[in-house]
Amino acid sequence: MKPGPRNAITDVEGLLVGNASDAGLKSGVSVVLCERPFAAGVHVMGGAPGSRETELLAPDRHVQEVDAIFLSGGSAFGLDAGSGIADGLREAGRGFQVGTVRVPIVPGAILFDLLNGGDKAWRVNPYSALGRRALAAASEDFAIGTAGAGTGATTLDLKGGLGTASAVISGGYAVGALAAVNAVGSAVQQGQPNFWAAPFEMDGEFGGLGAASSVDPHAEPRLWPALQEPGANTTIAVVATDAQLSQAQATRIAVAAHDGLARSLVPSHTLFDGDIVFAIATGARRLKESSADVLRIGHASAACLSRAVARGVYSAEKAANDATPTWKVRFGGG
């Protein structure tokens, strides 16, 4: 297994990512799309999820492909990002055909960033416009860290962010992940600069520090710093592959990918997080060994997601009125 040329989810050929951010709002939107509809699945393991059209992704549903998936800040207000993206896709002639009408299928998930020091006193919900902007910005190359849905994200002890990673595995399949990291837990090992995801790091992508030399595996996790409140969290993510998967197989990939959150955030999947992982498959490569290939893709998705989480926190940039320090400020002198 090795990283793709961009070390990004867009190493899955055909995928694009668009980000839109508002520095004053301290929030934003990220969208993943392809030139044509793709199979997708989802799995929810957090106790406080917020989502749009996730029920549509169950394997027994009528519609078996979607047009885009979005990740957004803004808590429930951020669900409106999906409307802006759907409006833009409809104008482009995209969507599920129903008679003479096209209806874009745009599932998504939100994270809570309403207490992060940004200006939330809007009169008109800003997320539909941010969704449109993110769609218009879709590209193979995109910013990580304090960008898109990760613009105002926080973790237990550090500023969160938007992260991505990729891998090429046996059989030539490309796998990638995109994560907006806003967790109750911590991405670093018990207050040290080392990341929980260290065993999965490739090419020093988040500092090359390795695992910490002293970690107490029996220590209870720290909770609720002064600037954070219960329920004000969630890590949301998309994993992707160029393999040809059914909606049922994509759902199993989403289930497997959640292991990547458990390996990179401590604690994870709590009652106060809304952890959601989407899995998408562009279908460019036929499976050679169906069951074995799905297993390998699931494992690689989890590993990529761990790396994406760490990269999101590692890449975050300092901004005005931040509620938590960035990794660079706290550990790297940034």
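The values are calculated or read from the model by the stated rules, or taken from the named source; none is laboratory data. Predicted, not measured: the structure shown is a model, and the values here were computed from it. Cβ atoms come from the backbone with ideal geometry, glycine included; neighbour counts cover every protein chain shown.
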(request) Return the total of residues in region 252-274 being at pLDDT 95 or above and of a type outside the set (A, V, I, L, M, F, W, C). (result) 6
(message) Yes or no: region 229-247 includes at least one residue that is at pLDDT below 95, within 25 Å of residue 322 (Cβ to Cβ) and of a type in the set (A, V, I, L, M, F, W, C).
(response) yes
(request) Determine whether residue 282 is buried (at least 24 other Cβ atoms within 10 Å of the Cβ), out of contact with any His (no Cβ under 6 Å at 6 or more places or on another chain), of a type outside the set (Gly, Ala, Ser) and assigned to a strand (DSSP E or B). (result) no
(message) So residue 181 ticks every box in (1) of a type in the set (Val, Ile, Thr); (2) touching a residue at least 60 places away in the same chain (Cβ under 8 Å); (3) over 14 Å from residue 261 (Cα atoms) but one. Which box is left unticked?
(response) (3)
(request) Please work out if residue 70 is at pLDDT 95 or above and among the aromatic types (Phe, Trp, Tyr). (result) yes
(request) Considering only residues that are part of a loop (DSSP other than H, G, I, E, B) and β-branched (Val, Ile, Thr), look in region 141-155 and name the one that is surrounded by the most Cβ atoms within 10 Å (Cβ to Cβ). (result) 151
(request) For region 296-315, indicate whether the set of residues that are over 12 Å from residue 179 (Cα atoms), in a loop (DSSP other than H, G, I, E, B), more than 15 Å from the chain's Cα centre (by Cα) and not polar (S, T, N, Q) is non-empty. (result) no
(request) Identify the residue in region 259-274 that is charged (D, E, K, R) and assigned to a loop (DSSP other than H, G, I, E, B) and, among all such residues, is surrounded by the fewest Cβ atoms within 10 Å (Cβ to Cβ). (result) 263
(request) Those residues that are more than 22 Å from residue 276 (Cα to Cα), free of Cβ contacts under 8 Å to residues at least 60 places away in the same chain and part of a loop (DSSP other than H, G, I, E, B), I need them from region 102-140; list them, please. (result) 121, 123, 124, 125
(request) Among residues belonging to region 285-309 that are small (Gly, Ala, Ser) and either more than 18 Å from residue 238 (Cα to Cα) or touching a Ser or Thr at 6+ places or on another chain (Cβ under 6 Å) (or both), point out the one that is surrounded by the fewest Cβ atoms within 10 Å (Cβ to Cβ). (result) 291
(message) I'm trying to understand the selection: among the residues of region 233-258, which are outside any helix (DSSP H, G or I) and within 21 Å of residue 180 (Cα to Cα)?
(response) 233, 234, 235, 236, 237, 238, 239, 240, 241
